[in-house]
Structure formats: C-alpha cells, structure tokens
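Below: the structure, in structure tokens.
The values are calculated or read from the model by the stated rules, or taken from the named source; none is laboratory data. This is a predicted model, so every value here is computed, not measured. Cβ placement follows ideal geometry from the backbone for every residue including glycine, while neighbour counts extend to all protein chains displayed.
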Amino acid sequence: DCAFLLYAVYIPLLIAIYILELIVILRHRRQYYSSFYLIFSVIAAVDVLACLIGTFLFRLPLYPIVYGYYESLLGKRAWIPPLHALGYYFNCLSQYLGVLMAANRFTAIFTPNYHDKIWRYLLIGVLLSLVIAVIPVWILIQLLYEYPIAFVEDTQDAEYPFFVLEVHWIPQKAIWLNMAEVTVVCNLICTFIYVACLIKLSLYSISRNSTVERNFFIVGFSSMVISLPYTAVMPACAQSTKNYPNFEKSRLPQHLLFMYLVVIDKLPFDAKSMLFVFYQVPWVTDLKYLSLAPILLITNISIRRSITAMFRSKREQKAHIIISSHNYFPRKQ
C-alpha cells in the first residue's frame, strides 16, 4: 500500500505536467506552432494513455488497497481484450513517433533551410505511424475474443493475494516478439540519428536559432536515453516467453516476467522477496512514458514562463473580481 500511495503521488503529478504543457501549447498556438511541438503534443497524448492503460491492467491489481475493485472484475469482461490490445498499440505508436521526433531534429540540424518545407507533410507521417502501429498488435486484434483475457486472483501468497491479467500463451508469445522487434529497431534508429546530430552540434554552429534547436535536441535525446532500460526489457521478455516451458500456465504480470526469469535465479535472495520488490518498482515503464514532459519543462524557459503566466493571470483575475466586488456600491433608491 505504501508503494501504491507513492505511485498515487508522482504519477498524477507527472501527468499533470503533460496536461499543463499541452494546454499552454494549444492556448498559444501561434507562439508554439512548429513541427516539434506538434510531434511532442501527439507523443504526450499517446504516452499518457499508454501509462493509464498499463497502470490499470498491470500495476494496480498488485496492491491490496484496490483488492475489492478488481475482485468485482473477475471473469470475462468484453472490454478487457480491446483495452489489452490498445495498451500494446499505444506502446508501438509511441516508438514510431519517437523516430519521427528524431527525424525532425535531424532535418532541423542538418538541413535547416529545408526543414520547414519537409515538415509541412507532418500529418502524413503521423497518420502513417497510426497505421503502421497496428501491424505488431494485429494478432491480438485477430484473436481478440478467441482466447480469454481476464483478471484472475493469485493466491500463492495467502497473506497478500493479488490480481493479474491472464493471457493465453499463443498471442502472448507473438506480441512480445513483435514488441521487442519494434522497440529495439526504433531505438536503434533513434540512437544513430541522435548521435549524428550530437556530432554535428559539437562541430558546427548551425544557425542563429541554434540555442532553440539545441534545446529541442536535448529533449529528444534525453528522452531516448532515459527509455533505454525499457528497450533492454523487451528482448528479455521475448526470449523468456520462448524458453519458459510453463509460460502458458504462468500468471506473472507481463511487464515483470523478465525480472523473475532473468534475475531471480542469479541473486542470493529468496525468490518471493525479490518478486515483491520488483512488483513495487515498475520504474522502467514510468521512465519510458513519463519522462518527456519534465525534460521539456526543465530545458524550455518559454514553456515555464507560459505556465507561470497562466497561473499568475488566474490569480490576478481572481484578485480583480474581489476588488471590483468591494468597490461596487448599489445606488440608493
């Protein structure tokens, strides 16, 4: 429950930063009208949705504080399989959009004179990402209701029972393999692009707006580096689904399966104790989905000023209303 309360503090806080930045970008469209901010806005929406779906399906069922709610969800629910597929879809979409952001920084740094012309067709790139992201999760869509996906109670620990999402081994093996391929390939592409940009920035002065472009580069590059642990998870998950003989009987949460298989046997700790620790610290997915907005807030003074001004204007407006109410005297009849 302590871990649950910790998540209840920092996850909403980070999501609130995303929402504030999106509000600022939408309210000041002219000031922030650029291909970078448009890509950021789409990624922000996708990452928040992916985080919320993943938290609901994989994280919250592990904690006794919400035991009663998930107990009410036992059995087949028609909306769980589509939500399960949607969670993986948003992950793949986030990876493709990350490549799009890296390509955006590449053209801004290497071909600044043609950058705006190239990114007039940004909408086409986003639409392609939306379509291509369906391919890795197509097997889940095909088998949406053929194999049951439901919350089940795990009572291996009688003192602290919890709920997990039980998925048949056939679609699960396929989706992890596809996820590993998408995640690794996309991050390799991003790595090569950002390394090339880093070399270019370190050697040349690109334009009078180099400070702005450098800060945009830092946002994309930092978010890519921070998500590397998540990238390392995917191949381990895919490999474990191939080699684990009793995988179809396993009810381990999917995003923690690799930890049990790869790490537990190599550490001099009780498996149950280690598994408990891993259940409390699913930090890998948080780094992937919740890092972009804080990085932009730290590196972008314009965003910080706009958010500050938004709150200041609300306070001033409230103060003006109070002063006006004090200065209002109705005429005597």
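Just one of the listed residues (69, 32) is modelled with pLDDT under 85 and more than 20 Å from residue 10 (Cβ to Cβ), namely 69.
Taking (1) outside any helix (DSSP H, G or I); (2) within 28 Å of residue 149 (Cα to Cα) in turn, residue 29 satisfies each apart from (2). Looking for something out of contact with any Phe, Trp or Tyr (no Cβ under 6 Å at 6 or more places or on another chain), closer than 19 Å to residue 223 by Cα and crowded, with 18+ Cβ neighbours inside 10 Å - is there at least one such residue anywhere in region 26-33? No: region 26-33 contains no residue that is out of contact with any Phe, Trp or Tyr (no Cβ under 6 Å at 6 or more places or on another chain), closer than 19 Å to residue 223 by Cα and crowded, with 18+ Cβ neighbours inside 10 Å.
Okay, residues lined up against (1) in a helix (DSSP H, G or I); (2) touching a His at 6+ places or on another chain (Cβ under 7 Å); (3) modelled with pLDDT under 65; (4) over 20 Å from residue 47 (Cβ atoms):
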| site | (1), (2), (3), (4) |
| --- | --- |
| 157 | no, no, yes, yes |
| 178 | yes, no, no, no |
| 183 | yes, no, no, no |
| 190 | yes, no, no, no |
| 193 | yes, no, no, no |
| 197 | yes, no, no, yes |
| 225 | yes, no, no, no |
| 230 | yes, no, no, no |
| 240 | yes, no, yes, yes |
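Of the residues in region 140-149, not one is under 25 Å from the mean Cα position of the chain (by Cα), closer than 24 Å to residue 6 by Cα and modelled with pLDDT under 90. Return yes when residue 89 is within 21 Å of the chain's Cα centre (by Cα) and either within 23 Å of residue 190 (Cβ to Cβ) or not in a helix (DSSP H, G or I) (or both) and no when it is not. It is true that residue 89 is within 21 Å of the chain's Cα centre (by Cα) and either within 23 Å of residue 190 (Cβ to Cβ) or not in a helix (DSSP H, G or I) (or both).
For residue 65, are the conditions met, namely being in a helix (DSSP H, G or I), buried (at least 17 other Cβ atoms within 10 Å of the Cβ) and either in contact with a Leu (Cβ under 8 Å, 6 or more places away or on another chain) or touching a residue at least 12 places away in the same chain (Cβ under 8 Å) (or both)? Here the answer is no, as residue 65 does not meet what is asked.
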